[in-house]
Amino acid sequence: MGGIGIGESDFRWLRIRENYYIDKTMYIKHIIDNESRVLLVTRPRRFGKTLNMSMLKYYFDINGKDTKSLFTGLKIMNQPEKYTSKLGYYPCLYMTLKDVNDGTFENMLLAMKIAVLQVYREHRYLLESDKLYEEEKEYIKDILWCREDEISLKNSIKELSRMLYEHFGKPVMLLLDEYDVPLQNAYIEGYYDQAIKFFKTFYGTTFKDNPYLEKTIITGVSRVAKESIFSGANNFKVYTVLDNEFSTDFGITNEEMDQVIKDFDIQDKKEKIKEWYDGYVIGNSDGIYNPWSIINYLADKELKPYWVNTSSNDLIKLTLKNSVTVKEKIERLLRGETIQVPVNLETIITGIEEKEDNIWGLMVGTGYLKVVEKSQDKMTNLCKVKLPNLEIKYLFI
């Protein structure tokens, strides 16, 4: 058994170093089986989204080196040829927006240029391609030198996917991680209207009007309202924590946790670990453990909050600031009660603190609450919710 790769979200490094890995490669099969062209999968932070995106990249990427060895012994390699034939088959574009979180719109654009630059740098071999025209290569150089204007920036990923399509003669897999970071940050910093205008065009040109893509997989913490940035996107499907699709592909299931406990010989701590880090519900999968807290516990052997200290809770704090009703209900949750609240998982960030169903939706989607029962009435969106575990209780206290 290998060591524990705390914070390691690069699948290749994890496998090369033989770090302990819970096999989530069936996610690849689930992605291939899904018929939607554009998929948005939302999960709480630190639940394995980036590691899974990295895994998809190494599996599908036509430029991958020794990728077969990375997947040797994992579940996906025991699947029919329909799935194994996709190993190293597609050109891949992987982009993360995790660092596009600056204090002004101008700085956000600079951060976007750097994020796009990192994507282009990975494909600079296109400068040697005999399938591209000289002006296309000049376009690549402008991006590599951050010389593009805002219009070119908005079209940059679509243009790169077109050039990859021309170079390889195959459609492109686009993997976009942490898509909602810039939007949440823009709201907190006060330039949301400018940011939403930019991203509506950026996302529209990137995957709505882009014939060069095989599939687009997008991940984030929250489901930002489709009308605000994804309007008009055809064959677009969203999978939140309330949906059954991909329910076992993120987090640690009960069965996986039993294996972890056996591998690390910590049977005597099983109930305490469950009390602290279990309790999440994703779709029809109950008893999902927080992976970030588990890997830190395995390293430290100490029961304490790990997940709640990993990143900013600014948007959550903002939603709680002015709502006396929400505070009163959280006090009931802290007493161990189950409460019934309206839940809107399609987060409307503008004025989020003013609508209670948006507040509860944000808390459910981001992992601060778990849904124990959904109302049959689709109009009311009423759900019974409670705190998932001791770690979250500590946060609210």
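The values are calculated or read from the model by the stated rules, or taken from the named source; none is laboratory data. Since the model is a prediction, treat every value here as computed from it, not as a measurement. Positions of Cβ are generated from backbone atoms using ideal geometry, with glycine treated the same way; all protein chains shown enter the neighbour counts.
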Test: residue in region 31-50 that is farther than 20 Å from ILE282 by Cβ and loosely packed, with under 15 Cβ neighbours inside 10 Å: yes
Any hit, region 80-91, residues being outside any loop (DSSP other than H, G, I, E, B), closer than 29 Å to PHE198 by Cα and touching a residue at least 12 places away in the same chain (Cβ under 8 Å): yes
Residue in region 57-72 that is under 18 Å from the mean Cα position of the chain (by Cα) and either in a loop (DSSP other than H, G, I, E, B) or of a type in the set (Val, Ile, Thr) (or both) present: no
Pair list, Cβ under 9 Å, 6 or more apart: region 184-202 residue closer than 14 Å to LEU97 by Cα, other residue surrounded by fewer than 19 Cβ atoms within 10 Å (Cβ to Cβ) and of a type in the set (Gly, Ala, Ser): ASN185/GLY103; ASN185/SER312; PHE199/SER228
Helices (runs of 4 or more DSSP H) lying entirely in region 99-213 (those with 3 or more residues that are farther than 24 Å from LYS237 by Cα, assigned by TED's automatic domain parsing to the domain that holds ASN52 and not hydroxyl-bearing (Ser, Thr, Tyr)): 105-122, 134-144, 150-168, 181-189
Flag if GLU178 is closer than 30 Å to LEU345 by Cβ and either buried (at least 17 other Cβ atoms within 10 Å of the Cβ) or touching a residue at least 24 places away in the same chain (Cβ under 8 Å) (or both): yes
Residue match in region 59-81 (condition: of a type in the set (Lys, Arg) and surrounded by 19 or more Cβ atoms within 10 Å (Cβ to Cβ)): no
Test result for THR248, surrounded by fewer than 22 Cβ atoms within 10 Å (Cβ to Cβ), within 20 Å of the chain's Cα centre (by Cα), more than 20 Å from LEU153 (Cα to Cα) and among the polar types (S, T, N, Q): yes
Output for region 11-70, where each listed residue is among the aliphatic types (A, V, I, L, M) and out of contact with any strand residue (DSSP E or B) (no Cβ under 8 Å at 6 or more places or on another chain): LEU14, ILE16, MET26, ILE28, ILE32, LEU51, MET55, LEU70
